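Each value in this text was obtained by applying a stated rule to the coordinates, not by laboratory testing. Quick caveat, the model's predicted, so the values are computed rather than measured. Heads up, the Cβs are rebuilt from the backbone with ideal geometry, glycines too, and the neighbour counts pull from every protein chain shown.
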Amino acid sequence: MQIIVCVKAVPDTATRIKIASNGQKIDQEGVKYALGPYDARACAKAIELRDAIKGDSKVIAIASGFSDGERDAKKRLKDVLALGADKGVFIADPDPEHRDPLSVAQALAAAIKAQGKWDLVLFGRQAVDDQNLAVGPMTAALLGVACVTDAVALEVTGDKAVVTRAAESRTETIEVKLPACVTAQRDLAEEKYPKLKDILGAGKKPIETFAFAWPAPAWEVKKLSAPPPRQAGKIVGEGPDAVPKLLELLQSEAKALTF
Amino acid sequence: MAGHAFRGEDFFSLDDLLSDEERAVRDAARAFVSDKIIPIVEKHHRNATFPTELIPQFGEMGFLGANLHGYDCAGVNNVAYGLIMQELERGDSGVRSYCSVKGGLVMYPIFSFGSEKQKDHWLPLLAKGQKTGCFGLSEPDHGSDPAGMETKAELKGDTWTLNGAKRWITNGTIADVAVVWARTKEGIRGFLVEKGMKGYSAPPIEGKFSLRASVTSELVFEDVKLPKDAVLPKADGLKAPLMCLTQARYGIAWGAVGSMMAVLDEAVHYTKSRVQFGKPIASFQLVQEKLVEMHTMLTHAQLTCLRMGRMKDENKLKPHHVSFGKRNNVRSAREVAKLGRELLGANGICDEYQVGRHMCNMESVYTYEGTHEIHTLVLGEHLTGIAAYK
Ligand SMILES: Cc1cc2nc3c(=O)[nH]c(=O)nc-3n(C[C@H](O)[C@H](O)[C@H](O)COP(=O)(O)OP(=O)(O)OC[C@H]3O[C@@H](n4cnc5c(N)ncnc54)[C@H](O)[C@@H]3O)c2cc1C
C-alpha cells in the first residue's frame, strides 16, 4: 500500500503573527516554522497505517513551498522522514505566500499522479497559517476521488477505508473505496516525537524534486490586516452576589448564553 | 515537529548557527519535555519521587548516552547532546541529572574504560532505559577532595573484596549497576557493582529541599565480593573519574541554560500580567532591571555553551573550559532563579509556579560535580599556574 501525506511549513504555534508594514505579507522577523498540528497527526497516522499493514507499504511525504531559508519546505519533509516516512517529494514554489489553494492542489495532484500507484492521501484538515481548509478537498477533486474531511479515526481493510469524522454534535462513520483522500482532525492520531536516531537517519532518506509549472494565480491577496485589539474587560462585581448580573449581561450584552 | 508552545529566549539568534539536525533534536526534546515532564514534575517534586515511568521513554527517544556511538546509543554530536540537557533541565534539574549521570558518569566510563564484554552487556541496556546506573565517587568524609577516599578494594585470587561507603549518589537506590571508585594497591580503580550483591545496599537520603524529583542515596559496601572482571580495565587512577566528570559537567553547563529559560519565561509572563498600583508590575523600572539582569546572564551562558559544544566536537575543549561553563552558567542560573522567585512575590514560593523549584534545585547543581569554589580554583590554576586547592 502506498500512502501519501501532504504537509506544509507553517509558523510554529509559539509565533505571534505580525503583518509587514506594506500590508501584503507576514513579517518574518523571528518567525520559526514547523509542521502544523493537523499535518503532524496526518503524518503520525500514515506511518501507523504503514507499520500495521504487512507487505510492501510506503509513506511518501509531499510538500510545496520555499526552497531555502527558515521557511524551506524541505526541512518539514525531513521532519516527516524523521517520524518514519520513506521518501519526500518537494515542489519548489517561488512565491508560496501569494499562491491560491487551487494552484497548490494542482501541483500536489500532479506530484501524486507522478508517484504511480497510490491508495490513500492524507492531509491536515487545515494549514494553521492561512486556514483555507481547501487544499485537501480540492486535490481530491482534481484526482477524481472521494475526500473524507475531519477524520478522527481511520482504518484500512483491503481496498476500503473506514473513516470516522467529526460532524456537528455527532460523529459519522463512513466507508470509502480506495484510492481516496482524508483530512485529519487532531484526534486522528497521537502526535509522535522523532527519535534521535531517526533524526540522524532522515538525512539519508531521499527527497526528490517534482518540477511544476505554476499557473497564473487564480486569486490575489490584496491586503492583510490585524484583528481589532481586544476590548477591555468589564468587572460587574465580586463574589456570588455578582452572579445574577453576570448572567444577565452574558445573555443580553455578550449574547454568549441562550436559554 | 509540530510547534509546541515553548519558545526559549534566543537573543542573538543562535538558532541560525545550529544545523537542521541539531534543531530537530532540540525541538524533539523540547516537545517531549513540554508534554511529558512539565505536567508531572510538580507532583514528583512535592512527593520527592523520581518519575521512573519516563526511563524507558528516555531510552526510546535516545536521550541516554546520546553522544556516544554504537551500542544502541543515538550518536548525536555534542551540541545536540547539550541541547537535550538544556531542554531536560528546562523541565527539572532532577530529571536532567538522571540523564547526565547515566550518560556522562555511567555509560561514558563503561564506554571509555570498560572491556568489550562490559560494554556489550551494559551499554545497550542502559541506552534503552532497561537498566539504570549510578556513579559513586563522593564519600561522607571526602567530597571536594576525592583523592582522600577511604572505600577500598582488595584482590585475593580471583575475587575483589569491596568495603566502604559513598554518599550523595544520584540514582543510587534505583540503580542496577553502580560505577564505584575505590582505592586499591595500584591506586584508584573503577568497579561495576550490581544491585543485589551480598553486602551492598543503597538506602535513599531523605529530607532534601533540593533536587527532590531525583533519587539521592548512600552506597554501603560491607565485604562485597566482586569477580575479578568487575574492574574497569582501562581506568587507571583518579584521572578516570575526573574525565567522566568533565563529560557530565559539560552537560550541566547546558542544563543551567534550560533552567534560566524556564525561569525567565515564567517571570516575563507573570510580571506582564500581575497588576499592582494600577499597572502591570513589568512597567516598574526595578522589575525591568531584574528581568534584564536575568536575560543578560542567560544570553552569556548560551553563547558560552554553543562555543564549548563546537570546541568539544572539534576535540579542542579542555577541562578548564568546562570548569568555566559549569561555574559561570550555574552561578547565573542560581542567581536568575532567585530573581525570578522575587519577581513572583508570594507565588514564587509555591510549587504551582516553577521558579521556586528551580531556585531550590540550583543549590544542588551549584555544589555537585565540583563546587563553584573548586571550579574557581581550577580556573585560578589555569591563569596562574599555581594550584590553590590545599
Ligand atoms: C543532589 C546531589 C547529588 C549528587 N550526586 C552525586 C553522584 O551521583 N556521585 C557522586 O560521586 N557525588 C555526588 N554528589 C556529591 C557532590 O559531588 C559533592 O557534594 C561535592 O563534590 C562537594 O562535596 P561535599 O558536599 O563533601 O562538600 P565539601 O567538599 O565538604 O565542601 C564544603 C564547602 O567547602 C568548600 N571547599 C572545599 N574545599 C575547598 C578548597 N580547597 N578551597 C575552597 N573551598 C573549598 C566547598 O566549595 C564547599 O563550599 C551529589 C551531591 C548532591 C547535593
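Before moving on, here are some points about what is shown:
- Between A:A85, A:A111, A:A216, the Gaussian network model of chain A with springs among Cα atoms under 10 angstrom shows the greatest mean-square fluctuation at A:A216.
- Cα gyration tensor shape of chain B, rounded if a/c is under 1.5, else prolate or oblate by comparing a/b with b/c: prolate
- Only lysine pairs 8 or more places apart or on separate chains count here, and in the range B:123-195 those with Cα atoms under 12 Å apart total 4.
- Peptides B:203-212, B:123-132, ordered by how many other C-beta atoms sit within 10 Å of their residues on average, highest first, read B:123-132, B:203-212.
- Cβ-derived FRET efficiency at R0 25 Å, B:N315 paired with B:T384, nearest 0.05: 0.45
- The overall shape of the range A:70-137 is rounded: from the C-alpha gyration tensor, with semi-axes ordered a ≥ b ≥ c, the ratio a/c is less than 1.5.
- Each Cα pair under 8 Å and six or more residues apart adds its sequence gap; the mean of these over the residue count of the range B:14-127 is a relative contact order of 30 percent.
- In order along the range B:181-196, phi translates into HN-Hα couplings of 9, 9, 7, 10, 4, 8, x, 7, 10, x, 10, 9, 10, 9, 3, x Hz, rounded to whole numbers, per the Karplus curve 6.51 cos²θ - 1.76 cosθ + 1.60 with θ = phi - 60° and x for Gly and Pro.
- Fraction of antiparallel bridges per DSSP, the range A:2-209 only, in percent to nearest 5: 40
- Summed over qualifying helices (DSSP H, 4 residues or more, each -39500 (n - 2.57)) and divided by its residue number, chain A shows a 222 nm mean residue ellipticity of -7500 deg cm²/dmol.
- Helix-only mean residue ellipticity at 222 nm for chain B, each DSSP H run of n ≥ 4 adding -39500 (n - 2.57), per residue, nearest 500: -15500 deg cm²/dmol
- Antiparallel beta bridges, as assigned by DSSP with both residues in the protein assembly as shown, represent about 60 percent of the total such bridges.
- Förster radius 35 Å - calculated FRET efficiency between A:L246 and B:E342 (Cβ-Cβ, nearest 0.05): 0.45
- Neighbour-count order for A:W118, B:W181, fewest beta carbons within 10 angstrom listed first: A:W118, B:W181
- In terms of other Cβ atoms within 10 Å, B:T384, B:T52 run from fewest to most in the order B:T384, B:T52.
- Per-residue Karplus couplings for the range A:18-28, computed as 6.51 cos²θ - 1.76 cosθ + 1.60 with θ equal to phi - 60°, are listed in order as 10, 8, 5, 5, 7, x, 10, 9, 7, 5, 7 Hz, Gly and Pro entered as x.
- Applying the criteria of a DSSP loop state and at most 14 other Cβ atoms within 10 Å to the chymotrypsin sites (Phe, Trp or Tyr not before Pro) of the range B:261-325 yields B:F277, B:F284.
- Only Lys, Arg (+1) and Asp, Glu (-1) charged, at Cβ; the protein assembly as shown dipole about Cα centre in debye: 600
- Here B:K272 is the anchor, and the aspartates and glutamates within straight C-alpha reach of less than 15 Å, apart from those fewer than 8 places off in the same chain, are B:E289, B:E342.
- Residue (of B:P109, B:V378, B:N47) at the positive-pole extreme of chain B, dipole from beta-carbon charges: B:V378
- Placing dummy labels 7 Å off each Cα toward the beta-carbon, the span from A:K113 to B:D351 is 6.2 nm.
- The mean sequence separation of alpha-carbon pairs under 8 Å and at least six residues apart, normalised by the residue count of the range A:1-44, gives a relative contact order of 47 percent.
- The order of the peptides A:73-80, B:340-347 by mean Cβ neighbours within 10 Å, most packed first, is A:73-80, B:340-347.
- The charge dipole of chain B, taken about the Cα centre with unit charges on the Cβ atoms of Lys, Arg (+1) and Asp, Glu (-1), comes to about 400 debye, rounded to the nearest 20.
- Charge sum, other residues only, whose C-beta stays under 14 Å from B:I374's C-beta, Lys/Arg counted +1 and Asp/Glu -1: +1
- Peptide A:186-195 shows a mean partner chain C-beta count of 4 within 10 Å per residue C-beta.
- Over 28 Å (Cα to Cα) - which of A:K255/B:K279; B:K43/B:K198; A:K195/B:K102; A:K25/A:K192; A:K192/B:K102; B:K208/B:K228 fall in this group: A:K255/B:K279; B:K43/B:K198; A:K25/A:K192; B:K208/B:K228
- By the rule of a second cysteine Cβ within less than 4.7 angstrom, chain A holds isolated cysteines at A:C6, A:C43.
- Gap separating the Cα centres of the range B:246-324 and the range B:35-82, nearest whole Å: 21
- For chain B: relative contact order, % (alpha-carbon pairs under 8 angstrom, 6 or more apart): 17
- Estimated dipole of the range A:2-209 in Debye, rounded to 20 [Cβ of Lys and Arg +1, of Asp and Glu -1, Cα centre]: 460
- Straight Cα distances below 22 angstrom link A:K177 to the lysines A:K45, A:K54, A:K58, A:K113, A:K117, A:K160, with same-chain residues fewer than 8 positions distant left out.
- Global geometry of the range B:14-127, whether rounded, prolate or oblate, following the gyration tensor of its Cα atoms and the 1.5 cut on a/c: oblate
- Rounded to whole numbers, the Karplus 3J(HN,Hα) couplings from phi for the range A:227-239 are x, x, x, 5, 6, 4, x, 10, 9, 8, x, 10, x Hz, using 6.51 cos²θ - 1.76 cosθ + 1.60 with θ = phi - 60°, and x at Gly and Pro.
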